[in-house]
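What follows is one structure encoded as structure tokens, with my remarks underneath.
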Amino acid sequence: MTAIFEKPSNDERQHLKALFVKGRVDGQPISKVLIDGGATINIMPYVVYRKLGKGYLDLTKTDMMLKDFEGNVSPVKGAICVELTIGDKTLPMTFFVMNGKGVYNLLLGRDWIHANCCIPSTMHECLVQWVGVSVSKRNP
């Protein structure tokens, strides 16, 4: 199955918006899910982790250090594997949990993009993903 992007008009490409979608983590709704093809890993802020009802014992320890948007290096609190649903597709996904401020509730990087077999387009403000043999297009 193929997916085709139309060339956007000048009016349609005069924006600098990030690509946000809605989803579910272990069945709980999550808004402001940022899809970022420049990020290597998936990140879950600790505040969201706690709102999901997760506790200290749910984390897998790691000694990873990450740099935040301000360039500060901070340790990761741990990793967690959850069921992530975006659109009609659910996949087990690992997130690195860390303290930090962001405009997102979850950040999905190339790890999720490639595992999900999808094409995010910030220009078209949509996400194209294959679900089985069909193509699904999601606009924020």
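The values are calculated or read from the model by the stated rules, or taken from the named source; none is laboratory data. Everything quoted here is computed from the prediction, not taken from an experiment. FYI the Cβ positions are ideal-geometry reconstructions off the backbone, even for glycines, and counts take in every protein chain you see.
Counting the residues of the stretch 59-94 that are of a type in the set (D, E) and either part of a strand (DSSP E or B) or modelled with pLDDT of 90 or more (or both) gives 1. Does the stretch 19-36 contain any residue that is part of a loop (DSSP other than H, G, I, E, B) and modelled with pLDDT under 90? No, the stretch 19-36 has no match at all.
Applying a threshold of 7 Å to beta carbon distances and a minimum spacing of six or more residues, or different chains, the list of pairs starting in the stretch 111-132 at a residue that is farther than 15 Å from T85 by Cα and assigned to a strand (DSSP E or B) and ending at one that is at pLDDT 85 or above and aliphatic (A, V, I, L, M) reads I119/V128; P120/L19; P120/I35; P120/I113; P120/L127. When restricted to residues that are part of a loop (DSSP other than H, G, I, E, B) and either farther than 20 Å from A79 by Cβ or aromatic (F, W, Y) (or both), the stretch 37-55 contains 2.
Please indicate, with yes or no, whether at least one residue in the stretch 42-49 is surrounded by 14 or more Cβ atoms within 10 Å (Cβ to Cβ) and either closer than 30 Å to N10 by Cα or modelled with pLDDT under 90 (or both). The answer is no; no qualifying residue exists.
Selection over the stretch 2-41 of residues that are on the phi > 0 side of the Ramachandran plot and either surrounded by fewer than 16 Cβ atoms within 10 Å (Cβ to Cβ) or free of Cβ contacts under 8 Å to residues at least 12 places away in the same chain (or both) gives a count of 2. Check the stretch 85-102 and report whether any residue there is surrounded by 15 or more Cβ atoms within 10 Å (Cβ to Cβ), over 14 Å from L19 (Cβ atoms), aliphatic (A, V, I, L, M) and touching a Gly at 6+ places or on another chain (Cβ under 6 Å). There is at least one residue in the stretch 85-102 that is surrounded by 15 or more Cβ atoms within 10 Å (Cβ to Cβ), over 14 Å from L19 (Cβ atoms), aliphatic (A, V, I, L, M) and touching a Gly at 6+ places or on another chain (Cβ under 6 Å). Among the residues making up the stretch 53-84, those that are more than 19 Å from the chain's Cα centre (by Cα), without any contact (Cβ under 8 Å) to a residue 24 or more places away in the chain and surrounded by 12 or more Cβ atoms within 10 Å (Cβ to Cβ) are D58, P75.
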